[in-house]
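The values are calculated or read from the model by the stated rules, or taken from the named source; none is laboratory data. Being a predicted model, the structure only gives us computed values, none of them experimental. Counting neighbours? That spans all protein chains shown, and the Cβs are built from the backbone with ideal geometry, glycine included.
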Amino acid sequence: MIRLTREPIEAGQVIQAVQRPACGAVAVFLGTVRDHSQGKAVAWLEYEAYEPMAERRLSDLLAEARSRWALGEMAIVHRLGRLAVGETSVAIAVSAAHRAEALAACGFLIDRLKQIVPIWKKEVWQDGTSAWA
Amino acid sequence: MRVEVRLFAVAGDLAGRRTVEVELPAGATVADLRRALTGQWPALEALGPRLLIAVNQDYAPDDRVLAPGDEVAGIPPVSGG
């Protein structure tokens, strides 16, 4: 499952989307908005995406993960728009028969997402300044 | 041929617009597009080669030949997740 959404992410739903009877492990990663960045207090974040290309690249990542590890199901949900401190920006859930594969694939998906998927974060600080990360 | 280019995030800020148009000769490459972009919007020079170009939603090398109707986007360094 791949989704870009402007609605708050429900981690429980992302987990449920990948659970399967044949899977004994579900690995989950949540990216959440931190209250500080570059030594300054964060007011909020804004996420922007080149949506159709982002979905393609995310689909590529799922295919690569599936070719590398024995997996059940995978779900990646990324939030767009304005997020407050503490909110979830991205949720990734991976199920597998065993934990080694689930954990490895989950780590791979977030690491590669951050390298190649056309999504951008703008940090807005309490002091009124802002910058694209 | 007229090529429309979507500029995302800091690239859009530097150009002052989210969509720009450049006029290119038939057979122009991504490298030619880059020169046209920085020629008309010099602020984009600040990104240099860190501005990747996507053609039809795939990252494209500088020698990629552009065709009329191609969907082109300027992709600055990504920061999702």
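Looking only at region B:37-81, filter to residues that are of a type in the set (S, T, Y) and more than 10 Å from the chain's Cα centre (by Cα); which one of those is surrounded by the most Cβ atoms within 10 Å (Cβ to Cβ)?
The qualifying residue surrounded by the most Cβ atoms within 10 Å (Cβ to Cβ) is B:S79.
Please go through region A:92-132 and pick out each residue that is part of a helix (DSSP H, G or I), over 13 Å from the mean Cα position of the chain (by Cα) and acidic (D, E).
A:E101
Hey, among the residues in region A:45-75 that are basic (K, R) and more than 10 Å from chain B (Cβ to nearest Cβ), which one's surrounded by the most Cβ atoms within 10 Å (Cβ to Cβ)?
Selected residue: A:R66.
Tell me, yes or no, whether region A:79-88 has at least one residue that is at pLDDT 95 or above, closer than 17 Å to A:I15 by Cβ and crowded, with 18+ Cβ neighbours inside 10 Å.
Yes, because at least one residue in region A:79-88 is at pLDDT 95 or above, closer than 17 Å to A:I15 by Cβ and crowded, with 18+ Cβ neighbours inside 10 Å.
List the residue pairs whose Cβ atoms are under 7 Å apart, where the first residue sits in region A:31-60 and is in contact (Cβ under 8 Å) with a residue 60 or more places away in the chain, the second is acidic (D, E), and the two are 6 or more positions apart or on different chains.
The qualifying pairs are A:S37/A:E123; A:K40/A:D127; A:A41/A:D35; A:V42/A:D35; A:V42/A:E123; A:L45/A:E123.
All but one of (1) farther than 18 Å from A:R3 by Cβ; (2) in contact with a Ser or Thr (Cβ under 9 Å, 6 or more places away or on another chain); (3) more than 13 Å from chain B (Cβ to nearest Cβ) hold for A:H98; state the number of the condition that does not hold.
(2)
Just to be sure before I move on: is A:L58 within 26 Å of B:D13 (Cβ to Cβ) and part of a helix (DSSP H, G or I) in the structure I sent?
So A:L58 fits the description; yes.
Please verify whether region B:26-43 includes one or more residues that are in contact with a strand residue (DSSP E or B) (Cβ under 8 Å, 6 or more places away or on another chain) and closer than 22 Å to A:E46 by Cα.
No, that holds for no residue.
Can you tell me which condition A:H78 does not meet? The list is (1) touching a residue at least 24 places away in the same chain (Cβ under 8 Å); (2) part of a helix (DSSP H, G or I); (3) within 14 Å of another protein chain (Cβ to nearest Cβ), and all the others hold.
Every condition holds for A:H78 apart from (2).
So if I check each of A:Q115, A:Q126, which one is surrounded by fewer than 16 Cβ atoms within 10 Å (Cβ to Cβ) and within 10 Å of chain B (Cβ to nearest Cβ)?
A:Q115
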